[in-house]
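The values are calculated or read from the model by the stated rules, or taken from the named source; none is laboratory data. Here the structure is a predicted model, which means the values were calculated and not measured. Cβ: placed from backbone, ideal geometry, glycine included. Neighbour counts: every protein chain shown. The area values use the complete protein model at the heavy-atom level, side chains included, leaving out ligands, DNA and RNA. Shrake-Rupley method; radii C 1.70, N 1.55, O 1.52, S 1.80 Å.
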Amino acid sequence: MNALDEAAAKELLATYGVPVVREARAADEKQAVAAAERMGYPVVLKGLGAEFAHKTEHGLVVLNLRDASAVRSAALKLLDTLQGRGSLLVQRMVNGKREFLAGMSRDAQFGPVVTFGLGGIFAEALADVSFRVCPLTQDDARAMLDEIRARALLGPVRGLPAVDRQALVKVLMGLSRLALERPDIAAIDINPLVIEGAQPVAVDALVVMAPAT
């Protein structure tokens, strides 16, 4: 699979209006600690490399690191796992109890299709997703939010505020525009799209490039 690394994927998505988590690349444990100090604790540390699309399966994600010692120790372990095949990514730890997904794929019959649904660890198990063929209108994007079975999570729930629906609409519209402007991109997967307060934040993203012709 020819894919951008996670940092490059989120840099691209940010140019299309997708809110992404604050993060920084690091080549070694010293740079990782320095980035964490600038960012403020707690942080997340990830192994970064285009060949590691599914980092959790490779043990390349360490959450909730609260001081320099923890970052240094985690960085050394990740670098050992990477064996020179990647670097590190330091991220601000995002706090949010609601997780969604958004993405784009290219259907052989219909062309580019944007998706929205329930994300996180239950995404595959529950398959609660809505779809629209590009180009999207604002009405299309708003309708997608209401078509998932878990739409109640977009409202105020258990003391949490209602999600900023217009911010989610902006994400879906950005993906639609990207799909039309970048035919060299085969697929996009933003999961999780964490709701922090009322705002969506892309915490992880995968961008798959189309095969060269």
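Values for this structure:
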quantity	calculated
Index of the failed condition, Arg106 passing every other in (1) among the basic types (Lys, Arg); (2) in contact with a Leu (Cβ under 7 Å, 6 or more places away or on another chain); (3) open to solvent by 70 Å² or more (accessible area, probe 1.4 Å)	(2)
Residues located in segment 124-138, provided they are farther than 21 Å from Asp107 by Cβ and modelled with pLDDT of 95 or more	Gln138
Which listed residue is farther than 18 Å from Pro200 by Cβ and of a type in the set (Asp, Glu), from Asp146, Asp128, Asp139	Asp139
Residue under evaluation Val129, criteria (1) within 15 Å of the chain's Cα centre (by Cα); (2) more than 30 Å from Arg25 (Cα to Cα), criterion not met	(1)
Of all residues in segment 182-192 being open to solvent by 20 Å² or more (accessible area, probe 1.4 Å) and under 11 Å from the mean Cα position of the chain (by Cα), the one that is nearest to Pro135 (Cα to Cα)	Asp189
Subset of segment 158-181 (residues that are closer than 20 Å to Ala8 by Cβ and either open to solvent by less than 50 Å² (accessible area, probe 1.4 Å) or in contact (Cβ under 8 Å) with a residue 60 or more places away in the chain (or both))	Val171, Gly174, Leu175, Arg177, Leu178, Ala179
Where Cys134 falls short, out of the listed (1) surrounded by 15 or more Cβ atoms within 10 Å (Cβ to Cβ); (2) closer than 17 Å to Asp189 by Cα; (3) within 20 Å of the chain's Cα centre (by Cα)	(3)
Any hit, segment 70-80, residues being farther than 30 Å from Leu153 by Cβ, surrounded by 15 or more Cβ atoms within 10 Å (Cβ to Cβ) and charged (D, E, K, R)	yes
Qualifying residue in segment 1-17 (condition: touching a helix residue (DSSP H, G or I) at 6+ places or on another chain (Cβ under 9 Å), hydrophobic (A, V, I, L, M, F, W, C) and free of Cβ contacts under 8 Å to residues at least 60 places away in the same chain)	no
Residues satisfying the stated conditions in segment 31-69, i.e. among the aromatic types (Phe, Trp, Tyr) and open to solvent by less than 20 Å² (accessible area, probe 1.4 Å)	Phe52
Which numbered condition Asp28 misses (of (1) within 30 Å of Ile185 (Cα to Cα); (2) touching a residue at least 60 places away in the same chain (Cβ under 8 Å); (3) surrounded by fewer than 20 Cβ atoms within 10 Å (Cβ to Cβ))	(1)
From the options Ile195, Ile121, residue that is β-branched (Val, Ile, Thr), open to solvent by less than 20 Å² (accessible area, probe 1.4 Å) and either out of contact with any His (no Cβ under 8 Å at 6 or more places or on another chain) or assigned to a strand (DSSP E or B) (or both)	Ile195
Tally of residues being within 24 Å of Met1 (Cβ to Cβ), among the hydrophobic types (A, V, I, L, M, F, W, C) and touching a Leu at 6+ places or on another chain (Cβ under 7 Å) across segment 33-61	7
Which listed residue, of Gly103, Gly120, is of a type in the set (Gly, Ala, Ser), within 19 Å of the chain's Cα centre (by Cα) and over 13 Å from Ser176 (Cβ atoms)	Gly120
